[in-house]
Each structure stands twice: as structure tokens, then as C-alpha cells.
Amino acid sequence: QPIIQVINPNTSVAMTHTIGEAARSVAAPGTKILAVCPEQGVESIEGHFDEAIAAIGVLEQIKRGKEQGANGHVIACFGDPGLLAARELASGPVIGIAEAAMHMATLVATRFSIVTTLPRTVIIARHLLRQYGFEHHCAALHAIDLPVLALEDGTGLAQQLVRERCIQAKKEDNSGAIVLGCGGMANLAKELTEEIGIPVIDGVTAAVKMVESLIALGIGTSKFGDLAYPNPKPLSGSFARLS
Ligand SMILES: O=C(O)C[C@H]1NC(=O)NC1=O
């Protein structure tokens, strides 16, 4: 009975619900999904400052997930905030939704496009493409130019813009696949894939299946070298809760 903790690094309860539903929709029958978000932090992650704040919440949730018996973890924000720090803390696998979606896209297409929310976060996706080695696989990055929480405002406008942008990207970029660049888009992938006719990949569902696979293979985060548990040392003030 594997337990996978899916962490929404922003504090939006609505987006945590969207993410949890998407994760449960693809989880194997025996897999338990714990969908969580930090109690404190930032309601949406739209840049480097927000990511730095969110990373602390991710680490707190990893620690709590371990205490609750989680066998693996997903970081469900497209910037993969705190990923390597989380891997130091974790025993099981930790996968970010950007890396999961990018890996999956390279398995089914020679080039993919990314559709995300704000123009200012495109650079974060570019940095990840370089870090993960996918720069040459990504044909283009597009932003719908709406804030992240527009995806949860109930108007459907953000979802409509994502749809239009995906259609445009297929036409213009000559990409074989599209990666959705936000955890809050997790519930759009299936419908867009059917409508547009190329794989539209969401990182939440991709990461859940990848973590399930690693758990099934008995593969956890390597604890040798730089991803070993952090060197024991006193943490002061509010950080003491992380030790
Ligand atoms: O970078 C983005 O646009 C999306 C990213 N921000 C957020 O709060 N959740 C995310 O997936």
C-alpha cells in the first residue's frame, strides 16, 4: 500500500484540491495519495522570491510526510522549488512536476513546447530545462499572461487561454507534445490531448506515476554523496522545527 505525498508548495487550498484530484485520478488502486500544502507561505508562486519562501514549506511537508509513512513525494509546482533540498531530507523518491512532465514529453516526441502562466516565470522553466538537460528538446515556451490563481477563480478564462495557447503552439512550434507549466493545470491534460491530437502532458499525474514506478522498483533517493541526509547541526529559531 504505497503512500505518495503530493505537495502543493503554494498555500492555495483550492489548487491543492485540484492537484490532489488529478493525482488520485491516475494513482494505482492500492496507492494512497496525501495531498498537502504548507500552512504558512505564499498563496501562489510567481517568481524567484516566492520560490525561496515556498521551498521552506516543501521541506516542512517532506519531514511531516516521512513521519506519516509516505513512501515517495511529488513537488507539485512547475518551478520544482526545493527539489534537491527535499531529496536530502527524503528517503523515498522526490520528483518535481516540471522534471516529470519534461521527461515524459521526451519519451513521446522529439520536441515539446511549454505553456505556463506568467511571462516572468518562463525564465524559471528555462533554468530547469538547462538543469535537467532538456534545452534542445524544448521548441518554445509560452505564457498565458494571467496570474497562477486565475486558474482557480471559477471563470474558466485561464483554462480557455491555456487551450488557445496549446492550439497555437501546435501550429507554430512544430512540437510533437506540449507540457502544461502549472500544477493548477493538472485537470486539463486529458481533454486537451483528445481535442488537439498531440500529447498534452501534466506534471502532477506524470510525477505520481513515476514515483509509483520507483517505489515499485524499490528505488529511493540515493543517500550517498550530495543527497545524503543533511549534516546534523542545531537549527535556530523557527527553523528548529526542520531538524
Ligand atoms: O510557475 C507557475 O506559473 C506555476 C507554479 N506556481 C504555482 O503557484 N504553482 C505552479 O505550478
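Rundown of residues vs (1) more than 16 Å from the ligand (Cβ to nearest atom); (2) touching a Phe, Trp or Tyr at 6+ places or on another chain (Cβ under 6 Å); (3) open to solvent by 30 Å² or more (accessible area, probe 1.4 Å), yes/no style:
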position	(1), (2), (3)
27	yes, no, no
33	yes, no, no
40	no, no, yes
85	yes, no, yes
Just to be sure before I move on: is residue 60 surrounded by fewer than 16 Cβ atoms within 10 Å (Cβ to Cβ) and more than 16 Å from the chain's Cα centre (by Cα) in the structure I sent?
no
Looking only at residues that are farther than 14 Å from residue 64 by Cβ and assigned to a loop (DSSP other than H, G, I, E, B) in the range 9-20, which one is nearest to the ligand (Cβ to nearest atom)?
10
Considering only the range 100-130, state which residues are free of Cβ contacts under 8 Å to residues at least 40 places away in the same chain and either aliphatic (A, V, I, L, M) or within 15 Å of the ligand (Cβ to nearest atom) (or both).
107, 119, 122, 123, 126, 127, 129
Any residue at all in the range 21-32 that is part of a strand (DSSP E or B) and more than 30 Å from residue 166 (Cβ to Cβ)?
yes
Of all residues in the range 50-83 being in contact with a helix residue (DSSP H, G or I) (Cβ under 7 Å, 6 or more places away or on another chain) and more than 16 Å from the ligand (Cβ to nearest atom), the one that is nearest to residue 202 (Cα to Cα):
72
Members of the range 140-199 found to be among the β-branched types (Val, Ile, Thr), buried (at least 18 other Cβ atoms within 10 Å of the Cβ) and away from the ligand (no atom under 13 Å from the Cβ), listed by number
178, 198
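Here is a yes/no grid of residues against (1) touching a Gly at 6+ places or on another chain (Cβ under 6 Å); (2) of a type in the set (A, V, I, L, M, F, W, C):
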residue	(1), (2)
58	yes, yes
62	no, yes
66	no, no
69	no, no
81	no, no
90	no, yes
105	no, yes
114	yes, yes
119	no, no
Conditions (1) within 14 Å of the ligand (Cβ to nearest atom); (2) out of contact with any Phe, Trp or Tyr (no Cβ under 8 Å at 6 or more places or on another chain); (3) open to solvent by less than 30 Å² (accessible area, probe 1.4 Å); (4) hydrophobic (A, V, I, L, M, F, W, C); number of the one not met by residue 97:
(2)
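The values are calculated or read from the model by the stated rules, or taken from the named source; none is laboratory data. Not measured: the values here are computed from a predicted model. Here the Cβ is made from the backbone with ideal geometry for all residues, glycine too, and neighbour counts use every protein chain on show. SASA here: full protein model, heavy atoms, side chains in, ligands and nucleic acids out. Shrake-Rupley method; radii C 1.70, N 1.55, O 1.52, S 1.80 Å.
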